[in-house]
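Working notes for the structure below.
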Amino acid sequence: MVRPASFGFNLQTAASNTFQVRENIAAARELQRQAAAEFDALARTLSESGVKVIIGADSAEPVKPDAIFPNNWVSFHADGAVVLYPMLAPNRRLERREDLLRQVSREGGFHVSRTIDLSHHEAADKFLEGTGSLVLDRTMRLAYACSSSRTHLDVLGEFAQQLDYRVVSFDAFGADGTAIYHTNVMMSVGRKFAVVCLASIADPAARSTVSRLLAESGRSVLELSMRQLQNFAGNLLELHSAQGPLIAISAAAWESLDAGQRRMLESFAHVLPAEIPAIERIGGGSVRCMLAEIHLPLALPPG
């Protein structure tokens, strides 16, 4: 996780992220205070629930209004690979920081075998924004991705070749007909369950393919409505803690689910709803976007 230093409404991402709301709710300093308080509460709750949390600090300069969402610029993999991603907004490219990667390895005691840097695609205006663009089934080696200005097929292809994934791409749209900017707002894949808004997938054949692959993976599938998608119910993440599996989700997303859907998720993991209204409204992202999950292997002890 990256604690924000200058959280705010990002003009450079607003055109493609309809979840962002530009409100004159507070001065910049007050908005940063709200976001930092929401961040601290989530990080504390995760840590107290037995999740190992590594917190990096956003740098005050240059200003990076979306630094709170690190999963878009980096992903960590079980074979020791670290992947860096090409970002659409120039001010988001500033979030990629080697010092944060070194902090992860040092504090977590992880081994990094290689770094795959896909950011060179920015020169050709081709983007792939990490596990925002990609929803990974790491067991079945499937990379689900909805096409958008932030998710380009050429970069998807290089990711798949380098990491040995099969790409499952499709077009997905919100209730207003706008392309969904990141796949992780319309679906999430856990160990034994998946949540997905199949109604957002435009093509019936693609919708059927996604549904079939999720079923064939042996997971129970929770289907979301378009209203629940808009409330970030797809933007959740299953984590592993010392006490067992848990699901990190925003309070607004959790409240949008009906009783049966809640019971289904609770049958797989302990659920931790987090109050993050300012981050969701102004940043246009939710809990999953705030978490760059680490699958790296532990480093071997010396000798």
Specify which of the listed residues (SER200, SER217) is in contact (Cβ under 8 Å) with a residue 60 or more places away in the chain, surrounded by 15 or more Cβ atoms within 10 Å (Cβ to Cβ) and among the small types (Gly, Ala, Ser). SER217
If GLY109 passes every condition in (1) touching a Leu at 6+ places or on another chain (Cβ under 7 Å); (2) farther than 30 Å from ASP154 by Cβ; (3) surrounded by 15 or more Cβ atoms within 10 Å (Cβ to Cβ) but one, which one does it miss? (3)
Mind checking which pairs have a first residue in the range 50-64 that is closer than 30 Å to HIS270 by Cβ and a second that is among the β-branched types (Val, Ile, Thr) and assigned to a strand (DSSP E or B), Cβ under 9 Å, 6 or more apart or different chains? ILE55/VAL2; GLY56/VAL2; ALA57/VAL2; ASP58/VAL2
Restricting attention to strands (runs of 3 or more DSSP E) lying wholly within the range 107-171, give those where 3 or more residues are touching a residue at least 40 places away in the same chain (Cβ under 8 Å) and within 23 Å of CYS197 (Cβ to Cβ). 135-137, 142-146
Just to be sure before I move on: is ALA89 at pLDDT 95 or above and either among the hydroxyl-bearing types (Ser, Thr, Tyr) or more than 30 Å from LEU156 (Cα to Cα) (or both) in the structure I sent? no
Return yes or no: is LEU46 at pLDDT 90 or above, more than 19 Å from VAL63 (Cα to Cα) and not β-branched (Val, Ile, Thr)? yes
Taking the range 35-72 and the residues there that are in a loop (DSSP other than H, G, I, E, B), of a type outside the set (A, V, I, L, M, F, W, C) and out of contact with any strand residue (DSSP E or B) (no Cβ under 6 Å at 6 or more places or on another chain), the one that is surrounded by the most Cβ atoms within 10 Å (Cβ to Cβ) would be ASP66
Run ALA175 past the list (1) surrounded by 20 or more Cβ atoms within 10 Å (Cβ to Cβ); (2) more than 19 Å from GLY283 (Cα to Cα); (3) of a type in the set (Gly, Ala, Ser); (4) touching a residue at least 40 places away in the same chain (Cβ under 8 Å) and report the number of the one that doesn't hold. (1)
Kindly list, by first and then second residue, each pair from a residue in the range 9-22 that is surrounded by fewer than 15 Cβ atoms within 10 Å (Cβ to Cβ) to a residue that is among the hydrophobic types (A, V, I, L, M, F, W, C) and not in a loop (DSSP other than H, G, I, E, B), limited to pairs with Cβ atoms under 8 Å and residues at least 6 apart or on different chains. VAL21/ILE282; ARG22/ILE282
Sole residue being among the aromatic types (Phe, Trp, Tyr), crowded, with 20+ Cβ neighbours inside 10 Å and under 17 Å from ARG219 (Cα atoms), chosen from TYR181, TYR144: TYR144
Filter the range 262-303 down to residues that are of a type in the set (Val, Ile, Thr) and in contact with a Ser or Thr (Cβ under 7 Å, 6 or more places away or on another chain), then give me how many there are. 2
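The values are calculated or read from the model by the stated rules, or taken from the named source; none is laboratory data. Because the structure is a prediction, the values reported are computed rather than measured. Virtual Cβ from ideal backbone geometry, glycine too; neighbours counted across all protein chains shown.
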